[in-house]
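The values are calculated or read from the model by the stated rules, or taken from the named source; none is laboratory data. Model, not experiment: these values are computed from the prediction. Don't worry about glycine lacking a Cβ; one is built from the backbone with ideal geometry, like all the others, and counts go over all protein chains shown.
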Amino acid sequence: MLPLLLAGCASAKNDAPPPPNIGMANPAAVYCQQKGGTRLPVETPQGVRTDCKLPGGEVIDEWALYRRDHAGS
């Protein structure tokens, strides 16, 4: 009887929808990609940061790029 009960549990279909995404995307990451850049994770002694490699070859911290280009915002 126990195997029959376990088989019934294993074959149950999960119809629950995935939970919605809450919050917003990282604006610096979005901006890097909008500029045509590629995000590059960089490990440092302080942790991990993400650089943005722009199409022209410039590599800059993605938040530095965002602040540079949005200084008056």
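Pick from region 10-55 the residues that are in a loop (DSSP other than H, G, I, E, B) and under 20 Å from S73 (Cβ atoms): which of them is modelled with the lowest pLDDT? Once the filter is applied, the top-ranked residue is M24.
Go through A29, A25, A64 for me and flag whichever is within 13 Å of the chain's Cα centre (by Cα) and surrounded by 11 or more Cβ atoms within 10 Å (Cβ to Cβ).
The unique qualifying residue is A29.
Pairs linking a residue in region 51-64 that is within 12 Å of G36 (Cα to Cα) to a residue that is of a type in the set (S, T, Y) and surrounded by fewer than 15 Cβ atoms within 10 Å (Cβ to Cβ), with Cβ atoms under 6 Å and 6 or more positions apart or on different chains, are K53/T38. Would you be able to say whether some residue in region 41-52 is exposed (fewer than 12 other Cβ atoms within 10 Å of the Cβ) and among the hydroxyl-bearing types (S, T, Y)? Yes: one or more hits.
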